[in-house]
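The values are calculated or read from the model by the stated rules, or taken from the named source; none is laboratory data. Note that the structure is a prediction, hence the values are computed from the model and not measured. Heads up, the Cβs are rebuilt from the backbone with ideal geometry, glycines too, and the neighbour counts pull from every protein chain shown. To get the accessible areas, we keep the full protein, side chains included, count just its heavy atoms, and leave off ligands, DNA and RNA. Shrake-Rupley method; radii C 1.70, N 1.55, O 1.52, S 1.80 Å.
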Amino acid sequence: QVQLVESGGGLVQAGGSLRLSCAASGSIFRINAMGWYRQAPGKQRELVARITSGGVTNYADSVKGRFTISRDNAKNTVYLQMNSLKPEDTAGYYCNADVLMGGSLRKYDAWGQGTQVTVSS
C-alpha cells in the first residue's frame with residue numbers, strides 16, 4: 001500500500017501565505033506526477049497544480065503567479081507554496097500521486113486525507 005500524509009494547512013488572513021507538504025510512503029517503486037487538488041463546500045474537486053517527475057508544472061488559472069508547486073524526489077514529497085491567499089482559496093486541499101508500486105509495478109492512484117485551508121477576509 002501507499003500512504004500520502006499532508007500537513008501545513010490552517011487559518012490565515014487574506015494576503016498571507018501557507019506552505020503545504022505531502023509525503024508519500026509505503027511500497028513505492030517510482031512516483032510519476034504529483035499534484036494538489038482542492039474542494040470547497042458544495043463544489044467539485046478541482047486541480048490546483050501538478051508536477052511531473054521531471055519537474056514540469058501546470059497550474060489552474062486562478063492560482064498562477066501566486067502558488068508554486070515543487071517536489072523532492074529523494075523524499076517522495078511534494079510541496080505547495082501559497083502566497084497572496086484570497087478568501088476564495090478556502091477549501092480542503094488534497095495531495096495526489098501517480099505511483100508505480102514496488103514489486104508488482106502496478107499503477108496506483110494515491111490520495112491523501114486532505115488538509116483544510118481557510119482564508120479570512
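Below is a table of values for the structure above.
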{"read-out": "Whole-number D in µm²/s for the chain (Stokes-Einstein; Kirkwood sum over Cα pairs; 37 °C, 0.692 mPa s)", "value": "227"}
{"read-out": "Radius 13 Å from Cβ of GLY9, net charge of other residues (Lys, Arg +1; Asp, Glu -1)", "value": "0"}
{"read-out": "FRET efficiency estimate (nearest 0.05) - Cβ-Cβ, SER53 to SER121, R0 35 angstrom", "value": "0.40"}
{"read-out": "Length-normalised contact order for region 30-80 - Cα pairs under 8 Å, 6+ apart - percent", "value": "28"}
{"read-out": "Largest-first ellipsoid semi-axes for region 1-52, taking √(5λ) over the Cα gyration tensor eigenvalues, angstrom", "value": "24, 14, 11"}
{"read-out": "Length-normalised contact order of region 7-55 in % [C-alpha pairs under 8 Å, at least 6 apart]", "value": "26"}
{"read-out": "Region 1-109, relative contact order [Cα under 8 Å, separation at least 6], %", "value": "34"}
{"read-out": "Check: the chain dipole with +1 on Lys, Arg Cβ and -1 on Asp, Glu Cβ, in debye", "value": "160"}
{"read-out": "Under 9 Å, Cβ to Cβ, from GLY92 - net charge with Lys/Arg +1 and Asp/Glu -1", "value": "+2"}
{"read-out": "Computed label-point distance, nm, for sites TYR108 and ARG45 using a 7 Å Cα→Cβ extension", "value": "1.7"}
{"read-out": "³J(HN,Hα), Karplus 6.51/-1.76/1.60, whole Hz, each residue of region 81-89, x for Gly, Pro", "value": "8, 10, 10, 6, 5, 10, x, 6, 7"}
{"read-out": "Heavy-atom accessible surface of the chain: percent carbon and sulfur, 1.4 Å", "value": "48"}
{"read-out": "Probe 1.4 Å, accessible area per residue of region 58-121, Å²", "value": "51"}
